[in-house]
Amino acid sequence: MNIFETSRTRFISHRGFRPLAPENSLPSFYYAGLLGQWAIETDVRVTRDGALVCCHNATLEKYCNEDVAIEELNLYELARYPIVNGKRVDCFFAEELRIPTFADYLAICKRFGSVPFIELKTDDAERVIHAFRRYGFSDDEVVISSTVYKRLEESRACSPTAFLHWIFAEESGLDRLAILGNAGISWNFPNAWDCPMEKIDLAHSKGLKVCLRAADDLNTFLYMKQLGLDYFPTNTMQDRDQIAEKRNG
């Protein structure tokens, strides 16, 4: 299976669909799937008792107003802290506002046919890979991403076919990533217009796919398409063609 062979616009809902729900929450994942997004991105961490959960930050301060580290809590303890910050937080039931487990997230991706786009916030890539396999995803149906190159190497050692994505890649490491195969990068340019075309061409010349962050308005998205980018992380955009197809179907 090639996850890039699709007629869908390859929008990656960054931490779920954030205009309608708190980031990295069950509702944000659900809305991303419901809206037909190609991929749903999340961040995976490990609790004290080894459970995989979805949260960008190391502590709960941003989400729950509690300055406690996820790695210091077991899963039962973590479930006692509700998400209290984020978009439309008052619209959801308490059960929807707990920190999601990785299994919760995978279930939503599976239900809607969205690609799991998994940013590793843990060095235990093998645990994450075993988890999505147990949930019925083959390796070539997922993306594993990280800012830490070593984690991508460890992921490839465990999975020969998962797509690897290096966040904010370093030019000096592109050849090593290309050798790992089936991989892509994002360059660290907050404004797409600041990224030289030579950077895009360089990555493509090594067989790597490329994106920039983030396609958050129509003009930026259209410019990214003009640059020949391969996928589009976004905090706001949605695949309107996919929504229309669902309605007409």
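Checking each residue in the range 145-157 for being part of a helix (DSSP H, G or I) and either surrounded by fewer than 18 Cβ atoms within 10 Å (Cβ to Cβ) or free of Cβ contacts under 8 Å to residues at least 24 places away in the same chain (or both) picks out Tyr149, Lys150, Glu153, Ala157.
Looking only at residues in the range 88-142 that are in a loop (DSSP other than H, G, I, E, B) and of a type in the set (Ser, Thr, Tyr), the one that is farthest from Leu78 (Cα to Cα) is Ser138.
Of the set (1) within 20 Å of Val143 (Cβ to Cβ); (2) without any contact (Cβ under 8 Å) to a residue 60 or more places away in the chain; (3) out of contact with any Gly (no Cβ under 6 Å at 6 or more places or on another chain); (4) not charged (D, E, K, R), all apply to Ser28 but (3). The lone criterion from (1) in a loop (DSSP other than H, G, I, E, B); (2) within 23 Å of Leu120 (Cβ to Cβ); (3) within 16 Å of the chain's Cα centre (by Cα) left unmet by Ile83 is number (3). Here's a check for you: in the range 31-48, which residue that is out of contact with any Phe, Trp or Tyr (no Cβ under 8 Å at 6 or more places or on another chain) and over 19 Å from Val142 (Cβ atoms) is surrounded by the fewest Cβ atoms within 10 Å (Cβ to Cβ)? In this case the residue turns out to be Arg48. Scanning the range 115-144 for residues that are touching a strand residue (DSSP E or B) at 6+ places or on another chain (Cβ under 9 Å), of a type outside the set (Val, Ile, Thr) and in contact (Cβ under 8 Å) with a residue 60 or more places away in the chain turns up Pro116, Phe117, Glu119, Leu120, Lys121, Asp124, Arg127, Ala131, Asp140, Glu141.
Every number here is computed from the coordinates shown, using simple stated rules; none is lab data. Note that the structure is predicted; figures quoted are calculated from it, not measured. Cβ atoms come from the backbone with ideal geometry, glycine included; neighbour counts cover every protein chain shown.
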